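Colleague: Would you mind keeping the following structure in view while I ask a few things?
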Amino acid sequence: MTVAIGVDLGGSNLRVAAFAGDDPRPVCAHREEVGLARAPEAIVERIAAAVDHVARGAGVTDGTSLPVGVGLAAMLRDRRGTVANSPHLRWRDVAFGELLAARLGPIRPVGGYNDVNAITWGEHVAGAGVGIDDLLAVYVGTGIGAGVIASGRLLDGARHCAGEIGHVKVAWGDGAAPCACGQRGCVEAYVGGSYVAARIIAALSAARAPRTRALELAGGVPGRVTPGHVDQAAADGDDWALALWTELAPLLAVALGNALAMLNPARLILGGGLLSRTPTLRELTLGALMLAAPVAATDGLSIVDSTLGDDAGLLGAAHLAASGQTFAP
């Protein structure tokens, strides 16, 4: 039975898992925090060690070919895993895939993919997108990303940047919010999880902080208030929480609506850590989406939650690598 390894390198966690055949359940898995040591060479060594560990756990002996697919939280230039820009890893113009391929050797061919593309492919082959040949998957977590399946194929784009919905502009000018990508006005800079959390804490730590139930839910400590607390407060009718969500939901809805207008998918998959913990924000966003998207683009559209959870990106990367979308060092 063919075994392949999937790697998910995000802004917070490094996860590695082995999959056998078409089984979506990992045979062996490993997880660790990325931490502060984020130099590409250091990350390569940690991935190599994790791949060795997981390979042994899956019963793969030395000398056996073992494809390795890596999903990266980054804008990529190609499927060799060349990173153009990774705001959360703080990398620019890094030949990461080549570094990893040289470290692992030809017996372990490497493929590099955008992390949300890998997640989308995983959902397509074994999750919420099974049987759907035209779909858009959007994940709102630390940042915001999307993957596109068009006519049954993963859409990369001319420079492998298709699906970067987080950097669709919803504001412009000097007053637009700065984004870690280096530009201003990206929807991620307003609704991405790290930005939302920072805004909440800053507002509630100010000299004239608003009175809100969100603070009560966090024990009165501003630094402990999470988007989940704000969402619960909004559900309870808290004015400040509702005002914040009512401001942010249309921005995400506009980005989603524009994507639906351009792509006309049969299914929209929504996922990510922020949306999974903020059902009120999700509901407000979907309400605004019906106004932001053309009627023709929502006719027959199904909107569903992702189903594979944290394993989607690992499975998708492993599946892509096993299908031969790799390169040799």
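Colleague: Can you name the residue in segment 113-130 that is surrounded by 24 or more Cβ atoms within 10 Å (Cβ to Cβ) and of a type in the set (A, V, I, L, M) and, of all such residues, is nearest to residue 308 (Cα to Cα)? Don't jump to the end; show me each part of the working.
Modeller: Restricting attention to segment 113-130, the residues satisfying the condition of being surrounded by 24 or more Cβ atoms within 10 Å (Cβ to Cβ) are 113-124, 127, 129.
Still in the list and also of a type in the set (A, V, I, L, M): 116, 118-119.
Numbers: 116: 13, 118: 12, 119: 9 Å.
Of everything passing the filter in segment 113-130, 119 is nearest to residue 308 (Cα to Cα).
Colleague: Working only within segment 220-251, note down all residues that are of a type in the set (A, V, I, L, M, F, W, C) and either outside any helix (DSSP H, G or I) or on the phi > 0 side of the Ramachandran plot (or both).
Modeller: To start, the set of residues in segment 220-251 that are of a type in the set (A, V, I, L, M, F, W, C) comprises 221, 225, 230, 233-235, 240-245, 248-249, 251.
221, 225, listed by residue number.
Colleague: Tally time: how many residues in segment 261-316 are part of a helix (DSSP H, G or I) and open to solvent by 50 Å² or more (accessible area, probe 1.4 Å)?
Modeller: So in segment 261-316, the residues part of a helix (DSSP H, G or I) come out as 261-263, 273-277, 279-292, 295-298, 311-316.
Adding the requirement that they be open to solvent by 50 Å² or more (accessible area, probe 1.4 Å) leaves 261-263, 276-277, 279, 282-284, 290-291, 295-296, 311.
Qualifying residue count for the region: 14.
Colleague: Would you check which residues across segment 227-250 are open to solvent by 40 Å² or more (accessible area, probe 1.4 Å) and among the aliphatic types (A, V, I, L, M) and list them?
Modeller: Once the filter is applied, which keeps residues that are open to solvent by 40 Å² or more (accessible area, probe 1.4 Å) and among the aliphatic types (A, V, I, L, M), segment 227-250 yields 235, 242, 243.
Colleague: Assuming residue 80 fulfils every condition listed in (1) at pLDDT below 90; (2) over 25 Å from residue 272 (Cβ atoms); (3) surrounded by fewer than 17 Cβ atoms within 10 Å (Cβ to Cβ) apart from one, which condition is it?
Modeller: Unmet condition: (3).
Colleague: Look through segment 198-210, keep the residues that are assigned to a helix (DSSP H, G or I) and not charged (D, E, K, R), and return whichever of them is nearest to residue 231 (Cα to Cα). Let's see the steps before the verdict.
Modeller: Taking segment 198-210 first, the residues assigned to a helix (DSSP H, G or I) are 198-205.
Filter again for not charged (D, E, K, R), leaving 198, 200-205.
Values: 198: 15, 200: 12, 201: 14, 202: 17, 203: 15, 204: 15, 205: 18 Å.
Here the residue is 200.
Colleague: Then there's this: For segment 153-169, check the following and say yes or no: at least one residue is charged (D, E, K, R), under 17 Å from the mean Cα position of the chain (by Cα), surrounded by 21 or more Cβ atoms within 10 Å (Cβ to Cβ) and under 25 Å from residue 72 (Cα atoms). So that I can check it myself, show each step before the final result.
Modeller: Here is the first cut: in segment 153-169, the residues charged (D, E, K, R) are 153, 156, 159, 164, 169.
Checking which are under 17 Å from the mean Cα position of the chain (by Cα) leaves us with 156, 164.
Of the ones still in play, those that are also surrounded by 21 or more Cβ atoms within 10 Å (Cβ to Cβ) are none.
No, that holds for no residue.
Colleague: For segment 142-197, give me the residue count where each residue is at pLDDT below 95, among the aliphatic types (A, V, I, L, M) and in a helix (DSSP H, G or I).
Modeller: Matching residues across segment 142-197 total 0.
Colleague: Shifting gears a bit: Suppose we keep only residues that are hydroxyl-bearing (Ser, Thr, Tyr) and touching a residue at least 24 places away in the same chain (Cβ under 8 Å) within segment 192-226. Which one would you say is surrounded by the most Cβ atoms within 10 Å (Cβ to Cβ)?
Modeller: Taking segment 192-226 first, the residues hydroxyl-bearing (Ser, Thr, Tyr) are 194-195, 205, 212, 226.
Restricting the remaining residues to those that are touching a residue at least 24 places away in the same chain (Cβ under 8 Å) gives 194, 212, 226.
On the way: 194: 18, 212: 24, 226: 19.
Result: 212.
Colleague: Can you confirm whether segment 90-100 contains a residue that is among the small types (Gly, Ala, Ser), at pLDDT below 95 and open to solvent by less than 10 Å² (accessible area, probe 1.4 Å)?
Modeller: Among the residues of segment 90-100, at least one is among the small types (Gly, Ala, Ser), at pLDDT below 95 and open to solvent by less than 10 Å² (accessible area, probe 1.4 Å), which makes the answer yes.
Colleague: Out of all the residues in segment 35-73, which are open to solvent by less than 10 Å² (accessible area, probe 1.4 Å) and not in a helix (DSSP H, G or I)?
Modeller: Initial filter on segment 35-73 (open to solvent by less than 10 Å² (accessible area, probe 1.4 Å)): 43-44, 47-48, 50-51, 54-55, 66, 68-72.
Of everything in segment 35-73, those that are open to solvent by less than 10 Å² (accessible area, probe 1.4 Å) and not in a helix (DSSP H, G or I) turn out to be 66, 68, 69, 70, 71, 72.
Colleague: Follow-up question, since we're still on this one. Exactly one of (1) free of Cβ contacts under 8 Å to residues at least 24 places away in the same chain; (2) within 27 Å of residue 310 (Cα to Cα) is unmet by residue 154. Its number?
Modeller: The single condition residue 154 does not satisfy is (1).
Colleague: Continuing with the same structure: How many residues does segment 289-314 contain that are over 29 Å from residue 71 (Cβ atoms) and touching a Ser or Thr at 6+ places or on another chain (Cβ under 9 Å)?
Modeller: Matching residues across segment 289-314 total 1.
The values are calculated or read from the model by the stated rules, or taken from the named source; none is laboratory data. The model shown is predicted, which means the values in this text are computed figures rather than measured ones. Here Cβ is always computed from backbone atoms with ideal geometry, including for glycine, and neighbour counts include all displayed protein chains. Each accessible area value is taken on the protein alone, full model and side chains, heavy atoms only, with ligands, DNA and RNA left out. Shrake-Rupley method; radii C 1.70, N 1.55, O 1.52, S 1.80 Å.
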